[in-house]
Amino acid sequence: MKLELTEVLWLEEHGELTLSQLAELSRLSEADLLELIELGVIVPAEPQAVRLRFGAQSIVAARTACRLREDFELDAHGVALAITLLDRIRDLEAQLQDLLARMPHG
């Protein structure tokens, strides 16, 4: 029997994180995060601010990036492409569900 441990993190929608906090929670280095920010994978709350701050949704993106990097040995550009494609798939699935819900049943 295989036992899998899962970490649960309660995300506060209006809370903000520093770059170092995001690095700690995502298991990515600050340098890795800065590269992903440059590629547009992770977006700071105020991109022009001197001290970068991040919303809770950035934790999800950063952890996804970390898993993709570890599982598939992707570089930052590969991670950016994979996340872009995953986001597009989610958008298309949502559109499909919306269209299916509008169709008459019969």
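The values are calculated or read from the model by the stated rules, or taken from the named source; none is laboratory data. Predicted model only: the values in this text are computed from it and were never measured. Neighbour counts run over all protein chains shown; Cβ positions are idealised from the backbone, glycine included. Ligands, DNA and RNA are stripped out before the accessible areas are found, and what is left, the full protein with its side chains, is counted by its heavy atoms. Shrake-Rupley method; radii C 1.70, N 1.55, O 1.52, S 1.80 Å.
Before moving on, here are some points about what is shown:
- Test: A82 is modelled with pLDDT of 95 or more, in contact with a helix residue (DSSP H, G or I) (Cβ under 6 Å, 6 or more places away or on another chain) and assigned to a helix (DSSP H, G or I): yes
- Taking first residues from segment 80-106 that are hydrophobic (A, V, I, L, M, F, W, C) and partners that are open to solvent by 90 Å² or more (accessible area, probe 1.4 Å), the Cβ contacts under 9 Å between residues at least 6 apart in sequence or on separate chains come to A82/F72.
- Residues in segment 47-106 that are in contact with a Leu (Cβ under 9 Å, 6 or more places away or on another chain) and among the charged types (D, E, K, R): R51, R53, R63, R69.
- Look at (1) part of a helix (DSSP H, G or I); (2) modelled with pLDDT of 95 or more and you find that A61 fails only one, number (2).
- Residue identified as open to solvent by 10 Å² or more (accessible area, probe 1.4 Å) and touching a residue at least 40 places away in the same chain (Cβ under 8 Å) among E35, E46, E73, E30: E35
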